[in-house]
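Contents: one structure, followed by commentary.
The values are calculated or read from the model by the stated rules, or taken from the named source; none is laboratory data. It should be emphasised that the depicted structure is a prediction, and the values quoted were computed from it without experimental measurement. Ideal geometry is used to build each Cβ from the backbone, glycine not excepted, and the neighbour counts take in all protein chains shown.
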Ligand SMILES: Nc1ncnc2c1ncn2[C@@H]1O[C@H](COP(=O)(O)OP(=O)(O)O)[C@@H](O)[C@H]1O
Ligand SMILES: [Mg+2]
């Protein structure tokens with residue numbers, strides 16, 4: 001079997017709305033080696049959450065997975081029955097969300113909510129399940145877990161509630177954890193603690209993790225690999241070190257340039273001009289072309305394919321093909337920018 005726990009090939013998910021088809025996920029490919037962390041990064045609306053929900057087969061009407069493969073441990077999840085998927089979700093793949101999306105049930109104690117998972121999926125008795133719940137609270141760093149286990153969600157802070165969510169997600173001992181912007185709703189210090197916790201648990205439990213974020217800074221600190229998304233597509237895939245050292249896609253370059261750095265004045269930041277196109281009015285060629293300082297005629301005409309530059313390094317950009325004939329040096333916000341082919 002491949003050393004990748006997950007391989008996603010050309011995944012496509014659309015919403016069929018009264019105004020037309022919205023291609024929320026439109027050609028997502030990446031792989032995740034077992035025991036590693038993959039970051040999926042992109043602006044709001046780029047299709048990160050719909051990608052993760054598609055992996056879990058949790059897309060509801062009017063949405064539909066319309067193509068591709070999701071190979072998990074050598075088998076295509078898109079070919080599994082609903083029953084098989086429920087089993088996989090309860091035992092192999094877990095997901096945590098940004099707090100507002102799935103909050104805890106306010107009328108049950110947190111202990112009951114964690115214990116429920118042990119009772120349902122592992123058939124433990126109520127008493128044993130509660131002992132396991134206390135262990136889980138300890139594992140995620142909640143102080144005095146014996147006391148906390150009998151408390152209700154409103155008695156906990158936002159950071160503690162997110163720890164409880166993580167405990168619930170880990171209760172089934174998943175081999176893959178998908179965390180969708182798990183720290184976005186938290187303040188900065190708590191964010192750092194939760195990131196540290198996920199990193200630590202990943203190592204201790206030897207889990208594979210998909211970490212979804214709009215923040216490249218978080219990717220740098222947390223992930224081994226990264227998939228950069230723009231308008232429903234993966235535009236670049238790489239290991240994190242290489243991406244930060246040598247970004248290839250002009251969108252990735254723009255994202256990196258907009259990261260605040262200590263050695264730069266705010267004025268030096270080269271922001272990406274323009275706005276994300278509307279899903280009902282997508283450009284004919286590359287969806288980034290209208291904002292790209294390097295766009296040449298072909299970029300406006302034809303959609304580029306995701307192409308492997310070298311092992312483990314994919315980019316979806318005409319610049320890296322023989323067809324491209326644009327200028328290698330352009331002026332961006334009064335500064336020279338050079339294509340790094
Ligand atoms: N229920 C829906 N109906 C129609 N379009 C949707 C729906 N949910 C999501 N989308 C579309 O999918 C796109 C991607 O959404 P999402 O994956 O949530 O973005 P992200 O998580 O990157 O912010 C959105 O921009 C929107 O156009
Ligand atoms: Mg999202």
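In the stretch 43-79, which residue that is out of contact with any strand residue (DSSP E or B) (no Cβ under 9 Å at 6 or more places or on another chain) and without any contact (Cβ under 8 Å) to a residue 60 or more places away in the chain is farthest from ligand 1 (Cβ to nearest atom)?
75
Considering only the stretch 92-201, give the helices (runs of 4 or more DSSP H) lying wholly within it that have at least 3 residues that are in contact (Cβ under 8 Å) with a residue 24 or more places away in the chain.
Numbers: elements: 110-122, 126-139, 145-148, 158-170.
Qualifying helices (runs of 4 or more DSSP H): 110-122, 126-139, 158-170.
Any chance the stretch 329-338 includes a residue that's out of contact with any strand residue (DSSP E or B) (no Cβ under 6 Å at 6 or more places or on another chain) and either under 28 Å from residue 30 (Cα atoms) or assigned to a helix (DSSP H, G or I) (or both)?
Within the stretch 329-338, not a single residue is out of contact with any strand residue (DSSP E or B) (no Cβ under 6 Å at 6 or more places or on another chain) and either under 28 Å from residue 30 (Cα atoms) or assigned to a helix (DSSP H, G or I) (or both).
Can you tell me which residue among 239, 263, 268 is under 27 Å from residue 210 (Cα atoms) and either surrounded by 13 or more Cβ atoms within 10 Å (Cβ to Cβ) or at pLDDT below 95 (or both)? Working first, answer last.
On the way: 263 fails: under 27 Å from residue 210 (Cα atoms); 268 fails: under 27 Å from residue 210 (Cα atoms).
That would be 239, the only listed residue that is under 27 Å from residue 210 (Cα atoms) and either surrounded by 13 or more Cβ atoms within 10 Å (Cβ to Cβ) or at pLDDT below 95 (or both).
Per-residue answers, yes or no, for (1) within 16 Å of ligand 2 (Cβ to nearest atom); (2) touching a helix residue (DSSP H, G or I) at 6+ places or on another chain (Cβ under 7 Å); (3) within 25 Å of residue 184 (Cα to Cα); (4) not in a loop (DSSP other than H, G, I, E, B):
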site	(1), (2), (3), (4)
5	no, no, no, yes
9	no, no, no, yes
12	no, no, no, yes
22	yes, no, no, yes
31	no, no, yes, yes
83	no, no, no, yes
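Hand me the list of strands (runs of 3 or more DSSP E) wholly inside the stretch 205-256 holding 2 or more residues that are within 16 Å of the chain's Cα centre (by Cα) and within 22 Å of residue 289 (Cα to Cα). Give the steps one after another, and end with the answer.
Values: elements: 208-213, 225-230, 233-239.
By residue number, 225-230, 233-239.
Among (1) under 28 Å from the mean Cα position of the chain (by Cα); (2) at pLDDT below 95, where does residue 324 come up short?
(1)
For the stretch 274-299, give me the residue count where each residue is in contact with a helix residue (DSSP H, G or I) (Cβ under 6 Å, 6 or more places away or on another chain) and surrounded by fewer than 15 Cβ atoms within 10 Å (Cβ to Cβ).
Going through the stretch 274-299 one residue at a time, the tally reaches 1.
If you go through the stretch 44-63 one residue at a time, do you hit one that is within 16 Å of ligand 2 (Cβ to nearest atom) and part of a strand (DSSP E or B)?
Restricting attention to the stretch 44-63, the residues satisfying the condition of being within 16 Å of ligand 2 (Cβ to nearest atom) are 44-56, 58-60, 63.
Right, trim to part of a strand (DSSP E or B) and you get 63.
Yes, the stretch 44-63 contains a residue that is within 16 Å of ligand 2 (Cβ to nearest atom) and part of a strand (DSSP E or B).
With respect to residue 174, determine if the residue is at pLDDT below 90, surrounded by 18 or more Cβ atoms within 10 Å (Cβ to Cβ), touching a strand residue (DSSP E or B) at 6+ places or on another chain (Cβ under 6 Å) and more than 10 Å from residue 37 (Cα to Cα).
Details: at pLDDT below 90: no; surrounded by 18 or more Cβ atoms within 10 Å (Cβ to Cβ): yes; touching a strand residue (DSSP E or B) at 6+ places or on another chain (Cβ under 6 Å): yes; more than 10 Å from residue 37 (Cα to Cα): yes.
Taking the combined requirement at face value, the residue does not satisfy it.
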